[in-house]
Every structure is written in C-alpha cells, then in structure tokens.
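Single-structure report; data block below.
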Amino acid sequence: MAVRRLQSDIDVVTAAKSRIRNAFKNGVTVYMSFSGGKDSIVLAHLTYSLICAGEIDPSLLVVQFVDEEAIFPCIEKSVKDWRKKF
C-alpha cells in the first residue's frame, strides 16, 4: 500500500486531540487500553485534558488496564495514579 504524504499546518498534538474528539462524537462507548507506558500516558493525558475542558463526555469512556507480564513498580504506580483520575 502506498503512503501519500501531505503538508499540514496542524501539529501532532492538535491532530491527536481532533481524533479523540471524533471518537466521542458518535455517542457510543469508547474503550481506552492503558498499559502505563509512555504512549498510554500521552493518550490518557490528552483525553483527560479534553474531559476537563468539557469537550468530550467522560461517561462514554471506559479505561482498561492491560497488564503486561513483566510490569515494573514505577509503571504500576503510574497506573494507580491515573486510575484515580478516571
């Protein structure tokens, strides 16, 4: 499959927030897997910031912790801290 690159004035964070808003527009449950890694933390942070700004409905969000076999204590702490927010 060919990849077509396009120039855009939108930065990565703005584009990600737009995608998150779009996921919530249908009014159906949105599931977010959370492993505690850096990608999950970024997605959680962006989603949480949109909830705090009133831009998405938190009642549509289900966050699931995905337990990887070898989880480090610092990751477990991060997951527990984020669990309090959601």
Next item on the list: Please indicate, with yes or no, whether at least one residue in region 26-36 is assigned to a strand (DSSP E or B) and among the hydroxyl-bearing types (Ser, Thr, Tyr).
Entry: yes
Notebook entry, point to check: Is it true that some residue in region 36-58 is among the β-branched types (Val, Ile, Thr) and more than 19 Å from Ala16 (Cβ to Cβ)?
Noted result: no
Next item on the list: Tally the residues that are touching a residue at least 24 places away in the same chain (Cβ under 8 Å) and closer than 19 Å to Trp82 by Cβ, restricting the search to region 1-28.
Entry: 5
Margin query: The conditions are (1) small (Gly, Ala, Ser); (2) loosely packed, with under 12 Cβ neighbours inside 10 Å; (3) at pLDDT 90 or above; (4) closer than 25 Å to Val79 by Cα, and Ser33 fails exactly one of them. Which is it?
Written below: (3)
Next item on the list: Could you list all residues from region 68-86 that are in contact (Cβ under 8 Å) with a residue 12 or more places away in the chain and open to solvent by 50 Å² or more (accessible area, probe 1.4 Å)?
Entry: Glu68, Ile71, Glu76, Arg83, Lys85, Phe86
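The values are calculated or read from the model by the stated rules, or taken from the named source; none is laboratory data. Fair warning: this is a prediction, and the values are worked out from it, not measured in the lab. Methodologically, a virtual Cβ is constructed for each residue, glycine included, from the backbone with ideal geometry; neighbour enumeration extends over all protein chains shown. Quick note on the areas: whole protein, heavy atoms, side chains included, nothing else; ligands and nucleic acids left out. Shrake-Rupley method; radii C 1.70, N 1.55, O 1.52, S 1.80 Å.
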